[in-house]
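Novice: Structure below; questions to follow.
Every number here is computed from the coordinates shown, using simple stated rules; none is lab data. As the structure is a computational prediction, the values presented were derived from the model and not from experiment. Glycine gets a Cβ as well: all are built from the backbone with ideal geometry, and neighbour counts include every protein chain shown.
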Amino acid sequence: MLIYKIFRADEWAELAEAGKTRGAPVDLADGFVHFSTAATVAETAAKHFAGEDALVLVACEADTMGEALVWEPSRGGALFPHLYREMQFDDVAWSAPLPLHDGVHQFPAGVA
C-alpha cells in the first residue's frame, strides 16, 4: 500500500541531498513523520498546505517501513500512518510535483 508525504521544495531537496530527514517542523514537534493515505492526502494538502505552490508529493510503500510505521487515529478517528524513525530517501517509491491550479492542488492520476 502506498502512503504519501507532502514536502515543500526545500524539504524535498534536503531529503534528496542528505538521504534522510526527520521531516518538516510539524514532524519534529510531534516526534514522528506524518503521512497520509490516498483517501486523506487531498484533505491534508488543503488543510496544511493551502495556497502553497512548489510542493512535492512523495509516495512510499508502507509494507517496507516495518514496525516503525504506526497507524494512529487522527481527524475524525481516521487512521493515519506515522513513521517513528527518520525517513530515508530509499523509502521513496516515486515523487511528483504537486502544482497549485486555481487554489487547488493537482494530484497525479490515481491519487486522491
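Novice: Looking at the stretch 45-59, is at least one residue without any contact (Cβ under 8 Å) to a residue 40 or more places away in the chain and either part of a helix (DSSP H, G or I) or of a type in the set (S, T, N, Q) (or both)?
Specialist: Yes, the stretch 45-59 contains at least one residue that is without any contact (Cβ under 8 Å) to a residue 40 or more places away in the chain and either part of a helix (DSSP H, G or I) or of a type in the set (S, T, N, Q) (or both).
Novice: Please go through the stretch 9-27 and give me each residue that is under 21 Å from D90 (Cβ atoms) and not charged (D, E, K, R), ordered by number.
Specialist: Hits for the stretch 9-27 are A9, W12, A13, L15, A16, A18, G19, T21, G23, A24.
Novice: Kindly indicate whether A62 is without any contact (Cβ under 8 Å) to a residue 24 or more places away in the chain, out of contact with any Cys (no Cβ under 7 Å at 6 or more places or on another chain) and among the hydrophobic types (A, V, I, L, M, F, W, C).
Specialist: So A62 fails the test.
Novice: Going by the structure shown, is A112 in contact (Cβ under 8 Å) with a residue 40 or more places away in the chain, closer than 18 Å to A9 by Cα and surrounded by 14 or more Cβ atoms within 10 Å (Cβ to Cβ)?
Specialist: Against the criterion (in contact (Cβ under 8 Å) with a residue 40 or more places away in the chain, closer than 18 Å to A9 by Cα and surrounded by 14 or more Cβ atoms within 10 Å (Cβ to Cβ)), A112 does not qualify.
Novice: Among the candidates A42, A96, which residue alone is part of a helix (DSSP H, G or I) and at negative phi?
Specialist: A42
Novice: For the stretch 15-22, state whether one or more residues are surrounded by fewer than 18 Cβ atoms within 10 Å (Cβ to Cβ), touching a Pro at 6+ places or on another chain (Cβ under 8 Å) and touching a residue at least 40 places away in the same chain (Cβ under 8 Å).
Specialist: Looking for residues that are surrounded by fewer than 18 Cβ atoms within 10 Å (Cβ to Cβ), touching a Pro at 6+ places or on another chain (Cβ under 8 Å) and touching a residue at least 40 places away in the same chain (Cβ under 8 Å), one finds none in the stretch 15-22, hence no.
Novice: If V70 satisfies every condition in (1) assigned to a loop (DSSP other than H, G, I, E, B); (2) farther than 19 Å from F7 by Cα but one, which is the exception?
Specialist: Going through the list (1) assigned to a loop (DSSP other than H, G, I, E, B); (2) farther than 19 Å from F7 by Cα, V70 breaks only (1).
Novice: For the stretch 3-43, how many residues meet the condition of being under 20 Å from G77 (Cα atoms) and among the hydrophobic types (A, V, I, L, M, F, W, C)?
Specialist: 9
Novice: Quick one: in the stretch 72-86, which of the residues that are hydrophobic (A, V, I, L, M, F, W, C) and under 14 Å from the mean Cα position of the chain (by Cα) is surrounded by the most Cβ atoms within 10 Å (Cβ to Cβ)?
Specialist: The residue in question is L83.
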